[in-house]
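Read the structure below first, then the notes.
Just so you know, all these numbers are worked out from the coordinates, no wet-lab data involved. Just so we're clear, the structure is a prediction, and the values are computed from it rather than from any experiment. Note that we place each Cβ from the backbone using ideal geometry, even for glycine, and neighbour counts take in every protein chain shown.
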Amino acid sequence: MASGELLGKVTHFYDKINVAVIRLDRTVKAGESVHFLGRNTDFQQAIDSMQVEHQAVTEGAPGTEVAVKVLQRVHAGDSVYRLNG
């Protein structure tokens, strides 16, 4: 069970470099803690860095896709929540 607000969904995972692509429904900023949740996914981590079109950014806007380094495997369709607090 996730706590917090839904930020978006994973659209792709690059397993060789452990990077998730997330389609954002809400703004997200580097340094925020998020919760990846899906049928086979359930972990929390801080967003240390994000990229949009291979450029480092500190914030992702709704409607865009951001690439985020992840600690564990994620799957397309997994939900990403912002953790409260």
query: Computed from these coordinates, which is Kirkwood radius over Cα pairs in Å: (i) 13.3; (ii) 12.3; (iii) 18.3?
result: (ii)
statement: Residue-ordered couplings for region 54-67, obtained by feeding phi - 60° into the Karplus form 6.51 cos²θ - 1.76 cosθ + 1.60 and rounding to whole Hz (Gly and Pro as x), are 6, 10, 5, 9, 9, 8, x, 9, x, x, 9, 10, 10, 9
- prompt: Using 7 Å Cα-to-Cβ label points, what is the Asp48/Leu71 separation (nm, one decimal)?
  reply: 1.1 nm
- request: With θ set to phi - 60°, apply the Karplus curve 6.51 cos²θ - 1.76 cosθ + 1.60 along region 68-79 and write out the HN-Hα couplings as whole Hz, x wherever there is a Gly or Pro.
  value: 10, 5, 10, 7, 9, 5, 10, 10, 3, x, 4, 8
task: Would you mind checking region 33-48 for residues with the amide N under 13 Å from a putative spin-label position 7 Å along Cα→C-beta of Leu6?
output: 37-38
query: Summing Lys, Arg as +1 and Asp, Glu as -1, what charge do residues with Cβ under 14 Å from the Cβ of Thr58 carry, Thr58 excluded?
result: -2
- prompt: Once label points are set 7 Å from the Cα along Cα→Cβ at both Ala30 and Asn18, what is their separation, rounded to one decimal in nm?
  reply: 1.8 nm
task: Give a residue-ordered list of calculated ³J(HN,Hα) values for region 47-52 (Karplus: 6.51 cos²θ - 1.76 cosθ + 1.60, θ = phi - 60°; whole Hz; x for Gly, Pro).
output: 8, 7, 8, 9, 9, 10
